[in-house]
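The values are calculated or read from the model by the stated rules, or taken from the named source; none is laboratory data. These numbers come from a predicted model, not from an experiment. All Cβ positions, glycine included, derive from the backbone under ideal geometry; neighbour counts span all protein chains shown.
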Ligand code: GLN
């Protein structure tokens with residue numbers, strides 16, 4: 001059994017890899033050997049049929065035996081993984097072949113992949129722009145046609161935002177739907193392994209292969225019996241795949257208005273017209289505003305979904321305006337704890353000489369971690385310091401619960417919760433919520449880019465799905481001014497099937513675009 005690597009692929013690969021820098025490590029031979037040694041009997045079901053012999057890239061913070069596990073960090077630059085993550089094992093069992101590891105923002109912290117300590121990754125649509133992040137390498141590899149699908153990780157948007165920047169599909173599953181065993185932890189309560197792929201149909205096959213309870217991850221779960229099926233009994237499409245749905249539309253204007261209103265309230269409460277909080281909220285309101293091209297893409301997606309027979313209703317999620325501060329508080333707190341294990345003793349690079357163990361740890365971390373990682377460790381330590389948990393961390397947890405409740409008002413709590421909606425709300429409750437992914441298209445570097453604070457504020461459309469633990473699927477709408485624009489659908493817990501149904505119907509009617517020079521090697 002040989003890896004599907006068609007004629008002319010090697011030079012195509014080299015050319016695109018030179019332009020994009022998607023991979024930290026790529027090993028086609030290893031891939032082919034793996035393919036030759038595959039035991040086919042394990043692979044069965046629709047997902048295996050769709051994945052067998054296809055090459056797959058894996059973000060370099062997910063373990064694959066024998067491959068690099070750098071997490072985009074200088075500290076782990078030479079680390080080889082001694083084991084394989086459960087999600088990757090499942091892909092291999094379905095016959096997929098891991099061919100390489102992709103670049104990322106160090107430990108998954110960032111929205112551009114420019115925070116990688118190892119290399120730069122460019123957007124295949126315009127190499128002067130970023131691929132997004134933190135799964136930028138995986139998104140660029142799929143967009144350039146180097147692999148048909150890749151694994152990424154999404155803690156606050158890291159699968160969906162680079163997917164939107166590069167014009168590919170990106171799925172962040174329900175929290176716990178995919179085992180995190182073998183994923184190097186950044187913010188454990190928020191993150192999931194996710195899928196980047198060229199089509200929604202392929203995304204479904206990959207997700208079907210990797211999901212499910214894993215005894216090695218206590219937070220992993222099987223989808224409940226009531227969850228919408230990914231495939232029918234016979235392995236074909238599940239009945240009702242093309243059924244019309246009720247889609248709630250969460251417009252950027254609504255969110256920007258909510259943030260601005262909070263700023264005014266804050267000013268009134270403090271009697272101070274220019275308090276630090278008010279200025280921060282103003283910046284956040286600006287960051288929430290969509291670039292014209294993104295707004296056009298968002299409206300177009302809504303029109304097309306309506307043309308496909310779906311019912312669109314307006315929704316509001318008032319607590320969303322607190323999403324970003326809550327997200328960064330929780331993410332930094334968990335990161336400061338998770339990254340404590342990188343001490344130069346157990347893994348990775350260590351200095352040639354140190355005075356004592358404390359000095360060894362200091363020197364390792366000083367030289368190994370980049371600026372963004374250090375910033376977050378400091379921030380996390382600050383919010384968790386004794387006597388202050390209530391002020392920051394616990395408050396953020398309350399906001400998190402509020403955001404989840406807000407979404408549940410529209411979506412229902414469980415997959416079977418479709419009948420009775422609370423008074424005054426649209427009936428029936430929504431099957432999915434349509435939202436922007438990011439306020440801008442792929443941005444440039446340096447002055448042409450987004451300042452670091454604005455990048456964080458712009459995570460408001462993505463981070464709420466992680467805070468709520470709900471699934472969200474980003475897919476491309478079209479190309480505006482030479483760059484892709486994507487939208488996302490957020491759904492009920494374990495209702496990835498519904499989101500994929502909507503996106504698949506959409507992609508059949510409006511096929512996804514590709515960058516110039518793209519060749520479709522993977523049918
Ligand atoms: N941009 C977000 C952050 O920097 C998201 C990262 C992620 O999802 N891994 O934390």
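One residue alone among 220, 197, 158 is in contact with a strand residue (DSSP E or B) (Cβ under 7 Å, 6 or more places away or on another chain), more than 16 Å from the ligand (Cβ to nearest atom), modelled with pLDDT of 95 or more and farther than 18 Å from residue 512 by Cβ, and that residue is 220.
Pairing residues of the stretch 363-379 that are over 13 Å from residue 348 (Cβ atoms) and within 13 Å of the ligand (Cβ to nearest atom) with residues that are in a helix (DSSP H, G or I) and at pLDDT below 95, at Cβ distances under 8 Å and at least 6 apart in sequence or on separate chains, gives 372/452. Go through the stretch 116-139 and give me each residue that's within 16 Å of the ligand (Cβ to nearest atom) and surrounded by 24 or more Cβ atoms within 10 Å (Cβ to Cβ). The answer is 116, 121, 130, 131, 132, 133, 134, 135, 136, 137, 138, 139. You will find that of 360, 339, the residue that is buried (at least 16 other Cβ atoms within 10 Å of the Cβ), more than 21 Å from residue 503 (Cβ to Cβ) and free of Cβ contacts under 8 Å to residues at least 24 places away in the same chain is 360 and no other. Would a scan of the stretch 118-128 turn up a residue that is closer than 27 Å to residue 298 by Cβ and within 13 Å of the chain's Cα centre (by Cα)? The answer is no, given that none of the residues of the stretch 118-128 is closer than 27 Å to residue 298 by Cβ and within 13 Å of the chain's Cα centre (by Cα). If you check residue 151 against the conditions, is it assigned to a loop (DSSP other than H, G, I, E, B), within 16 Å of the ligand (Cβ to nearest atom) and more than 18 Å from residue 499 (Cα to Cα)? No. For the stretch 490-505, the set of residues classified as within 10 Å of residue 229 (Cα to Cα) and under 16 Å from the mean Cα position of the chain (by Cα) consists of 496 only. Of the residues examined, residue 146 is one that is more than 18 Å from residue 451 (Cα to Cα), more than 9 Å from the ligand (Cβ to nearest atom) and not in a helix (DSSP H, G or I). Considering 178, 184, the condition of being buried (at least 24 other Cβ atoms within 10 Å of the Cβ), touching a residue at least 60 places away in the same chain (Cβ under 8 Å), over 12 Å from the mean Cα position of the chain (by Cα) and more than 13 Å from the ligand (Cβ to nearest atom) is satisfied by 178 alone.
Of the residues in the stretch 496-510, at least one is at pLDDT 95 or above, assigned to a loop (DSSP other than H, G, I, E, B) and more than 16 Å from the ligand (Cβ to nearest atom).
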